[in-house]
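Reading through the C-alpha cells given below for one structure.
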Amino acid sequence: MKKLDPVVIKETIYIAAISLVFSVIMQAVFLVIGKWDYTVLLGNILGYAAIVINFLVMGFGVQKAVDKEEKDAKALMKFSQSFRLIFMLIVAIIGKVMPVFNLIAVVIPFLFPRIAVMLRPLFNKK
C-alpha cells in the first residue's frame with residue numbers, strides 16, 4: 001500500500017481542525033436554542049468522523065490518480081466519488097434509523113469541509 005502524501009495529511013488535518021471548530025459552534029447553537037441532548041453530541045461525532053474519513057479517502061484517491069494515465073485516473077476518481085457518496089449516504093441513514101443520533105447533528109457537519117475549503121485562502125499566505 002502506498003504511503004500517504006504529506007500534503008494529503010496536512011490538508012486532512014486542516015479540514016479536521018476547521019470542522020472541529022464548526023462542530024463546537026454547532027453544539028453551542030443547539031445548547032442556546034434549548035435543543036441540546038446527548039443525541040446531538042453523538043450525531044455530531046458521527047458526522048465529524050464521517051467527513052474526516054471522507055476527505056482522507058478523497059485525498060488518497062487523488063494521490064493514486066496522479067500516477068495513472070488520464071483515462072484510468074478519471075475512472076478511479078469517478079469510482080472514488082461514487083464510493084464516498086454511498087459512504088456518506090450510509091452515515092446519514094445510520095443517523096436517521098438509530099435513535100442515539102440526532103439526524104440534524106449528523107448531517108450539518110457534511111457542510112463543514114466545503115466551508116473550510118472556501119476559508120482556506122484566508123489561512124494560506126503563499
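Quick notes
- Flag for S23 being part of a helix (DSSP H, G or I), among the hydroxyl-bearing types (S, T, Y) and touching a helix residue (DSSP H, G or I) at 6+ places or on another chain (Cβ under 6 Å): yes
- Looking across the stretch 9-66, the residues that are touching a Pro at 6+ places or on another chain (Cβ under 6 Å) and among the β-branched types (V, I, T) come down to I15, I51.
- Residue that is without any contact (Cβ under 8 Å) to a residue 60 or more places away in the chain, buried (at least 17 other Cβ atoms within 10 Å of the Cβ), of a type outside the set (K, R) and touching a helix residue (DSSP H, G or I) at 6+ places or on another chain (Cβ under 9 Å), where the choices are L31, L56: L56
A quick yes/no check of all residues on (1) exposed (fewer than 12 other Cβ atoms within 10 Å of the Cβ); (2) touching a residue at least 24 places away in the same chain (Cβ under 8 Å):
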| position | (1), (2) |
| --- | --- |
| S80 | no, no |
| L85 | yes, no |
| L103 | no, yes |
| L111 | no, no |
| R120 | no, yes |
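- Filter pass, A73 being in contact with a helix residue (DSSP H, G or I) (Cβ under 9 Å, 6 or more places away or on another chain) and buried (at least 16 other Cβ atoms within 10 Å of the Cβ): yes
- In the set G95, G61, only one residue is of a type in the set (G, A, S) and within 24 Å of L31 (Cα to Cα); that residue is G95.
- Members of the stretch 47-73 found to be at pLDDT 95 or above, farther than 18 Å from L4 by Cβ and not aliphatic (A, V, I, L, M), listed by number: G47, Y48
- Among the conditions (1) at pLDDT 95 or above; (2) surrounded by fewer than 17 Cβ atoms within 10 Å (Cβ to Cβ); (3) farther than 23 Å from R120 by Cα; (4) not hydroxyl-bearing (S, T, Y), the only one that I25 does not satisfy is (3).
The values are calculated or read from the model by the stated rules, or taken from the named source; none is laboratory data. From a predicted model like this one, the values you see are computed outputs, not experimental measurements. Here the Cβ is made from the backbone with ideal geometry for all residues, glycine too, and neighbour counts use every protein chain on show.
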